[in-house]
Amino acid sequence: PNPGPTLFFQSGRPLASGVRSGLGLPMNRTKGDEEEYWNSSKFKAFTFDDEDDELSQLKESKRAVNSLRDFVDDDDDDDLERVSWSGEPVGSISWSIRETAGNSGSTHEGREQLKSRNSFSSYAQLPKPTSTYSLSSFFRGRTRPGSFQSLSDALSDTPAKTYAPELGRPKGEYRDYSNDWSPSDTVRRLRKGKVCSLERFRSLQDKLQLLEEAVSMHDGNVITAVLIFLKRTLCKEILFRELEVRQVALRHLIHFLKEIGDQKLLLDLFRFLDRTEELALSHYREHLNIQDPEKRKEFLKTCIGLPFSAEDSAHIQDHYTLLERQIIIEANDRHLELAGQTEIFRKHPRKASILNMPLVTTLFYSCFYHYTEAEGTFSSPINLKKTFKIPDKQYVLTALAARAKLRAWHDVDALFTTKNWLGYTKKRAPIGFHRVVEILHKNSAPVQILQEYVNLVEDVDTKLNLATKFKCHDVVIDTCRDLKDRQQLLAYRSKVDKGSAEEEKIDALLSSPQIRWKN
Amino acid sequence: MAAHLSYGRVNLNVLREAVRRELREFLDKCAGSKAIVWDEYLTGPFGLIAQYSLLKEHEVEKMFTLKGNRLPAADVKNIIFFVRPRLELMDIIAENVLSEDRRGPARDFHILFVPRRSLLCEQRLKDLGVLGSFIHREEYSLDLIPFDGDLLSMESESAFKECYLEGDQTSLYHAAKGLMTLQALYGTIPQIFGKGECARQVANMMIRMKREFTGSQNSIFPVFDNLLLLDRNVDLLTPLATQLTYEGLIDEIYGIQNSYVKLPPEKFAPKKQGDGGKDLPTEAKKLQLNSAEELYAEIRDKNFNAVGSVLSKKAKVISAAFEERHNAKTVGEIKQFVSQLPHMQAARGSLANHTSIAELIKDVTTSEDFFDKLTVEQEFMSGIDTDKVNNYIEDCIAQKHPLIKVLRLVCLQSVCNSGLKQKVLDYYKREILQTYGYEHILTLHNLEKAGLLKPQPGGRNNYPTIRKTLRLWMDDVNEQNPTDISYVYSGYAPLSVRLAQLLSRPGWRSIEEVLRILPGPHFEERQPLPTGLQKKRQPGENRVTLIFFLGGVTFAEIAALRFLSQLEDGGTEYVIATTKLMNGTSWIEALMERPF
């Protein structure tokens, strides 16, 4: 007994037939010069043309495989493949990390005491690389005695890959090399990870030549090393000016500044280059690192008026306004919730704070907790709609979802009811009633409610599909009758309960002599 | 061990052996017992070149993942950090080193940077006061990692972003270095073709590097006939579309990492008698996917629609093989049967796994939403309604589908329209920002900079020209027995692979006009060979092309290239290299802006 195979074939919907015909793709559209091309084209997606055949074959394959288990299961197939259950092959590196680390026992020992001394945060506060940096100072001796001796022999054999030994030697021993290194020698040495001091390049010309050599080698690591040196030894204006005409190096510097988080110099650079939009975006990006909502809000305020594109400016302004609102709403609602006097918060306690949520989520929240509030309050949905110029469609969609979740069917009804000047009411949905039905169904609206909206769907096929999908029997039956589609009605009969009112209704229709069926 | 690497036209085991040797040499430099502290990201790629046993042979006794605070206790002489050159990792290493208990036995620290030492990182270590604590600080240039007999990857997830957004060429430099290593092992590649800005750069670097190494003449007979360097931004379209090959779909749905996939365990539960299915495992089932598994090698590149029939045929064959036991009468026959048993059991296990995976995938591909998404993608790729707001995308935003899915679709529309009309673009932007949060303005800017989502310049749409000239949309797709690469997307032929195909026959001169529309220069370089190494091709012998995707490649593109390799009169076999194996989702994800 194995439940596996059935799952595979539950929804054996033929993909291609849907793509070709079901969705009404504009197959025969003409588009000027593409006419010929398109008239001959049709969509091919996933074709399960010979589906039945193939699926039954597959079922068979599954059965066959499973029937073999009894015969061969004496030894577990996991042994055979030599993998642990989680699939790491036994002996693989990630598997071994778990295995060997597991034995070490005292992983946590002493951690607590250490925390106070050596917590991570204390490193985070360490200054980021600053201008006191010097490449040569990398290479000064090691701090731990004892570690040097054991490997010093091996080290001097491979000076190419280690810094320390060479610099440990007295100066005279290598003076010959160091003073003669040209920019290109120096760059070549840096590239191979060898020692070299950049300090001897004093004139601007030398420094720039060094940079050009580095750039021509394309080695980002060396380019960055030279840039660090230039950053330290040149004044900002000269550095910027020279990089402006050296685009590759400039891009590396920008990337490097981003990486080390030297926001101040980065902004100065953008300002110098007159790259105003990048300057604005780069400044704005900093808000991501500010957790405190008040501080974040204040920071966003400083972004307003920066030289964003016109479109973006509006969005940045909205971002600020939204957070400002959210802070007010949050304070107010937290208070209401704690006081426990307001029914809606008692019945539906808030799951999370509204701070930093997107606009649409905020609108949903406001439609959920503050639906009836007057337009004057910050938390009222109408106020949000106006302030942020939320389009009708978006508003209705969100309000519908919120009110349906609360099962406030009256509100739902009101959302779609419009009165004309004669006082007649009419149902209208800017989002299309098929969407309304989907959303209502998702919020488990009762059939009577669903039925009402399914009936408002204009396209007959869509209506019939939705009605069938959501078991709005009356709608299906009435639609079939209107379509005079006897076959479909007959087919539907098998889907309703035996002896139900719906079945009676169908039978009555089927035997009615007044209908002229089309089939 | 890794026999599947040597099945291809080029024996990539040679490369694997070379990098293993280098690893051994480094380990032996740190004499005595050792513990390795791993940057977790690296364990995957390393797993492809070495097992724990290799490390153990070189006295690695313990392994840990890199974490803050104090190192776990380990009675070893050496502690070696295996890390990528990233600043945040340096902070953690410093913390480890500084927390070292000084009363305990002294231990030696070393760092192995993969793939490259970084002066920037060493400076950070120095600022944190620990640089001097390290005896060996070396690099392990694992530039190109062999994934399969015809597939190499640098697994550098940030390469695309660095190249096309930051303009940082570091990963291109690594690509060039990787290519130099390949040439050192497999001979100089006589001809280099390329398309795109980055391709040009890499070719330049290679030529320069070659000039620097002139001292040692490469005396290896060349294995590769030519190299094709392709920028990812020459073909931004392909990765955005949903891959429809078996392997591509596994990657789209579950994500393949370093040739492993993690799957929901339910369908893999061992069904033992009397088990009653009580103890369903909760941990994900992890499977390795490569050509070492015979069945997988056969089905991975097929369109998913063609996978079912293969599985069913295999099942019949295996059933029949097991039935043979009834016919085995003599001792000899029984012996023969038993000797085949392990192979048959492996085949059965493999078949069971892939039947289960096919079930999982089928659940997704038969869903209504998958179908709707595919329809929209195919409309865009064939040029329908790319210039107005799309209903389905609107719906996805309204229902708050995952942002990446929305971005993939919007970008696809933009690429298929050579940019969106300003009005349409503004509308999408606004909807996205209002629904998912204003901070995504940064991500949208990144996408624009990468050319994925942008306004249409001058109201000119070049895509129809490209589509028609390169025959990117094919009407007659045979998914079961394909005759064209377009089967991998059920109709759409990946642009990148089409370029490779046309290069090999009849040559790019036939498509000059389209090449000019696509971004970046196209070029050809020759690397002269000494006469002794020049190849005289036998009639009917295929050329071997190494195709390098700068910025990432998808499994569907790989499948398409393998399809071309296998064509009887194709004339070219491909070995594929890339900066990263990726799909549309991981690609967009890498371009999203996060807090620093």
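The values are calculated or read from the model by the stated rules, or taken from the named source; none is laboratory data. Just so it is clear, the structure is predicted and the values come from calculations on it, not from any experiment. Don't worry about glycine lacking a Cβ; one is built from the backbone with ideal geometry, like all the others, and counts go over all protein chains shown. Just the protein is used for accessible areas: all its heavy atoms, side chains included, with ligands, DNA and RNA removed. Shrake-Rupley method; radii C 1.70, N 1.55, O 1.52, S 1.80 Å.
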Report summary line: Between B:Phe81 and residues 5 or more places away or on another chain, the pairs with built amide H atoms under 5 Å apart involve B:Val37, B:His110, B:Ile111, B:Leu112
**Report entry** Charge tally in the Cβ shell below 13 Å around B:Arg471, where Lys, Arg are +1 and Asp, Glu are -1, B:Arg471 excluded
**Finding:** 0
Report summary line: Whole-Hz Karplus couplings 3J(HN,Hα) for segment B:536-550, θ = phi - 60° and coefficients 6.51, -1.76, 1.60, Gly and Pro as x, run 10, 6, 6, x, x, 7, 6, 7, 10, 10, 8, 10, 10, 8, 8
Requested in this report: May I ask you to derive the FRET efficiency for A:Thr425 and A:Ala310 from their Cβ-Cβ distance with R0 = 45 Å, giving the value to the nearest 0.05?
Outcome: 0.60
Query raised in the report: If B:Trp38, A:Trp181 are ordered by their accessible area, calculated over protein heavy atoms with a 1.4 Å probe, which sequence runs from highest to lowest?
Result: A:Trp181, B:Trp38
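Give the carbon-plus-sulfur fraction of the accessible surface of chain B in %, rounded to a whole number; probe 1.4 Å, heavy atoms of protein chains only.
Roughly 51 percent of what the probe reaches on chain B is carbon or sulfur.
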Report task. Compute the Cα gyration tensor for segment A:450-497, then decide on rounded, prolate or oblate, letting a ≥ b ≥ c be the square roots of its eigenvalues: rounded whenever a/c is under 1.5, prolate when a/b is larger than b/c in the other cases, and oblate in all that remain. Result -> oblate
Report summary line: Checked against the positive end of the charge dipole of segment B:311-408 (+1 on Cβ of Lys and Arg, -1 on Cβ of Asp and Glu, about the Cα centre), the farthest of B:Asn327, B:Ser382, B:Ser367 is B:Asn327
Report summary line: Between chains B and A, total accessible area buried, probe 1.4 Å, no ligands or nucleic acids, nearest 100 Å², roughly 13700 Å²
Report task. Could you check the simple spin-label distance between B:Gln538 and A:Ala331, using points 7 Å along Cα→Cβ, in nm with one decimal? Result -> 8.5 nm
Query raised in the report: What ³J(HN,Hα) values, in whole Hz, does the Karplus curve 6.51 cos²θ - 1.76 cosθ + 1.60 give for segment A:208-215 when θ = phi - 60°, with x put for Gly and Pro?
Result: 5, 5, 4, 4, 5, 4, 4, 5
Report task. Determine the shape class of chain B: with a ≥ b ≥ c the square roots of the Cα gyration tensor eigenvalues, call it rounded for a/c under 1.5, and otherwise prolate if a/b is greater than b/c, oblate otherwise. Result -> rounded
Query raised in the report: Under unit Cβ charges (Lys, Arg +1; Asp, Glu -1), what dipole magnitude, rounded to 20 debye, does segment A:255-330 have relative to its Cα centre?
Result: 120 debye
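If I take every Cα pair under 8 Å that is 6 or more residues apart in chain B, average their sequence separation and divide by the length, what percent do I get for the relative contact order? Mind dumping the intermediate values first?
Details: 932 pairs, mean separation 105.1, N = 596.
The normalised contact order for chain B reaches 18 percent.
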Query raised in the report: Amide H to amide H, which residues 5 or more places from B:Met63 or on other chains are under 5 Å from it, using H placed in the peptide plane?
Result: A:Thr100, A:Ala101, B:Ile36
Query raised in the report: What distance in nm separates the simple spin-label points at B:His58 and B:Lys400, each placed 7 Å from Cα in the Cβ direction?
Result: 5.1 nm
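If you count, for every residue in B:304-310, the Cβ atoms of partner chains within 10 Å of its Cβ, what is the mean? Mind dumping the intermediate values first?
Values: counts 1, 10, 2, 2, 11, 6, 2.
Across B:304-310, the average partner-chain Cβ count within 10 Å equals 5.
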**Report entry** Inter-chain Cβ neighbour average for residues B:126-138, partner chain, 10 Å
**Finding:** 6
Query - Over segment B:335-488, relative contact order from alpha-carbon pairs under 8 Å, at least 6 apart, % - result: 19 percent
Report summary line: Note, segment A:503-519: 3J(HN,Hα) by Karplus (6.51, -1.76, 1.60, θ = phi - 60°), whole Hz, Gly/Pro = x, goes 4, 4, 4, 4, 4, 4, 5, 4, 9, 6, x, 7, 8, 9, 4, 8, 8
Requested in this report: May I ask for the distance between the Cα centers of segment B:95-158 and segment B:293-307, given as a whole number of Å?
Outcome: 39 Å
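Counting only complete DSSP H runs, which helices of chain B cover 30 Å or more along their long axis at the Cα atoms and score a mean Kyte-Doolittle of -1.0 or above?
What comes out of the filter, once short or polar helices are dropped, is B:307-327, B:331-365.
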Query raised in the report: Out of segment A:464-494, which trypsin sites (Lys or Arg not before Pro) are coil in DSSP terms and have no more than 16 other C-beta atoms within 10 Å?
Result: A:Lys471, A:Lys484
Query raised in the report: If amide H atoms are built 1.01 Å from N in the plane of the peptide, which residues on other chains or at least 5 residues away come under 5 Å of the amide H of B:Arg116?
Result: B:Tyr140
Query - By accessible area with a 1.4 Å probe, ligands and nucleic acids excluded, highest first: order of B:Arg116, A:Arg407, A:Arg200 - result: A:Arg407, A:Arg200, B:Arg116
Query raised in the report: What trypsin sites (Lys or Arg not before Pro) does segment B:373-482 have in DSSP loop regions with at most 15 other beta carbons within 10 Å?
Result: B:Lys388, B:Lys400, B:Arg460, B:Arg471
**Report entry** Rounded to the nearest 20 debye, dipole of chain B from Cβ charges on Lys, Arg, Asp, Glu
**Finding:** 900 debye
Query raised in the report: Is the shape of segment A:425-471 rounded, prolate or oblate, going by the alpha carbon gyration tensor and its root eigenvalues a ≥ b ≥ c, with a/c under 1.5 for rounded and a/b larger than b/c for prolate?
Result: oblate
Query raised in the report: Which one of B:Phe548, B:Leu55, B:Thr572 is farthest out on the positive end of the charge dipole of chain B, using unit charges on Cβ (Lys, Arg +1; Asp, Glu -1) and the Cα centre as origin?
Result: B:Leu55
Query raised in the report: With charges only on Cβ, +1 for K and R and -1 for D and E, what is the dipole size of segment A:446-519 about its Cα centre, in debye, rounded to 20?
Result: 300 debye
Query raised in the report: Ranked from the most accessible area to the least, with a 1.4 Å probe and all protein chains present, what is the order of B:Arg498, A:Arg191?
Result: A:Arg191, B:Arg498
Requested in this report: Over segment B:472-589, average the accessible area per residue using a 1.4 Å probe and give it in Å², no decimals.
Outcome: 39 Å²
**Report entry** Computed helical MRE - 222 nm, chain B, DSSP H runs ≥ 4 contributing -39500 (n - 2.57), nearest 500
**Finding:** -13500 deg cm²/dmol
Query raised in the report: With each label point set 7 Å from Cα along the Cα-Cβ vector, what nm distance links A:Lys389 and B:Phe523?
Result: 4.7 nm
